[in-house]
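Written below as structure tokens is the structure these notes are about.
The values are calculated or read from the model by the stated rules, or taken from the named source; none is laboratory data. Predicted model, so just to flag it, every value in this text is computed and none were measured. Note: ideal-geometry Cβ built from the backbone for every residue, glycine included; neighbour counts use all protein chains shown. Side chains are part of the model used for accessible areas, which takes the heavy atoms of the whole protein and leaves out ligands, DNA and RNA. Shrake-Rupley method; radii C 1.70, N 1.55, O 1.52, S 1.80 Å.
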Amino acid sequence: MAGIKVFGHAASTSTRKVLLALYEKNLDFELVHVDILDGEHKKEPFLSRNPFGKVPAFEDGDLKMFESRAITQYIAHRYAEEGTNLLPADPKNTVDYAIMANGMEVEAHQFDPPASKLAWEQCIQAHVWLDHRRSRCCGRRG
Ligand SMILES: N[C@@H](CCC(=O)N[C@@H](CS)C(=O)NCC(=O)O)C(=O)O
């Protein structure tokens, strides 16, 4: 299927940022599962999509990107007319853009580092990763 593809993992907070933007915009997309628990993101072909070996990666037609915040900004601008508006109402209002940029920096540098650690320890490591290891030990793939 051509169009928008997100290469990621449903439990990944960075993947979810992109999915949230796509849902807000009511866009059709395909989520291509990358098995990060098996290290698929550290090998080709995924490394050709993101040389840093992190999910998500993204494709929209000929455009290929990685870095969730860059992707969500692309979605907000490229699909400005669809779904929920994710940009300041007046594109010429530099004060509104400055306030938005300030909030984005706070999210990236103040909120995300501790929130990601908590999500990893309390959710992913505690449930997803342990379930994965248990299912492998028992010879099942969940
Ligand atoms: N700055 C990147 C961070 C991506 C990131 O850290 N992704 C995590 C999942 S939320 C990942 O791939 N972790 C696996 C690993 O680092 O091996 C972004 O926003 O896309």
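I need the per residue convex hull volume for the chain, using only the alpha carbons, in cubic angstrom as a whole number. Display every interim value, and only then the final one.
On the way: hull volume 18.0 nm³, N = 142.
Dividing the Cα hull volume of the chain by its residues yields 127 Å³.
When the dipole is taken about the Cα centre of the chain, and only Lys, Arg (+1) and Asp, Glu (-1) are charged at their Cβ, what size is it in debye, to the nearest 20?
Numbers: 18 positive and 20 negative charges, 153 e Å.
Dipole about the Cα centre, nearest 20: 740 debye.
I'd like the Kirkwood hydrodynamic radius of the stretch 88-142, using the inverse of the mean 1/r over distinct C-alpha pairs, in Å. Please report the intermediate quantities before stating the final value.
Numbers: mean 1/r = 0.0705 Å⁻¹.
By the Kirkwood definition, the hydrodynamic radius is 14.2 Å.
Write out the trypsin sites (Lys or Arg not before Pro) in the stretch 50-142 meeting two conditions: DSSP loop, and at most 12 other Cβ atoms within 10 Å of their Cβ. Provide the component values of the computation, followed by the final result.
Numbers: sites: Lys54, Lys64, Arg69, Arg78, Lys92, Lys117, Arg133, Arg134, Arg136, Arg140, Arg141; in loops: Lys54, Lys92, Arg140, Arg141.
Sites meeting the loop and neighbour criteria: Lys92, Arg140, Arg141.
May I ask you to evaluate 6.51 cos²θ - 1.76 cosθ + 1.60, the Karplus curve with θ = phi - 60°, for each residue of the stretch 37-51 and list the ³J(HN,Hα) values in order in whole Hz, giving x for glycine and proline?
Computed from phi, the couplings for the stretch 37-51 are 6, 9, x, 4, 6, 9, 10, 5, x, 5, 4, 6, 8, 9, x Hz.
Please tell me the relative contact order of the stretch 1-94 in percent, rounded to the nearest whole number, where contacts are Cα pairs under 8 Å and at least six residues apart.
Values: 130 pairs, mean separation 30.1, N = 94.
For the stretch 1-94, the relative contact order is 32 percent.
Work out from phi, with θ = phi - 60° and the Karplus expression 6.51 cos²θ - 1.76 cosθ + 1.60, the ³J(HN,Hα) of each residue of the stretch 119-125, listed in order in whole Hz, and give x for Gly and Pro.
Values, residue by residue: 4, 5, 6, 7, 10, 5, 5 Hz.
At most 15 other Cβ atoms within 10 Å and a DSSP loop assignment: could you name the chymotrypsin sites (Phe, Trp or Tyr not before Pro) in the stretch 52-121 that fit? Let's see the in-between values first.
Numbers: sites: Phe52, Phe58, Phe66, Tyr74, Tyr79, Tyr97, Phe111, Trp120; in loops: Phe52, Tyr79.
Sparse-neighbourhood loop chymotrypsin sites (Phe, Trp or Tyr not before Pro): Phe52.
Using the heavy atoms of the protein chains alone and a 1.4 angstrom probe, what is the accessible area of the stretch 4-87 per residue in square angstrom?
Working: 4570 Å² over 84 residues.
About 54 Å² of surface per residue is accessible.
Measuring from centroid to centroid over Cα atoms, what is the spacing of the stretch 1-23 and the stretch 59-131 in Å?
When both Cα centres are located, 11 Å separates them.
What ³J(HN,Hα) values, in whole Hz, does the Karplus curve 6.51 cos²θ - 1.76 cosθ + 1.60 give for the stretch 86-91 when θ = phi - 60°, with x put for Gly and Pro?
10, 10, x, 4, 9, x
For the chain, with all protein chains present and a 1.4 Å probe, just round the carbon and sulfur fraction of the accessible area to a whole percent.
Carbon-and-sulfur percentage of accessible area, whole number: 56.
Lysine pairs, Cα distance under 23 Å, 8 or more residues apart or cross-chain: how many in the chain?
Taking the Cα cut-off of 23 Å, the pair count is 20.
Choose one answer from Leu87, Leu130, Leu22: the residue with the largest mean-square fluctuation in a GNM of the chain with alpha-carbon springs under 10 Å.
Leu130
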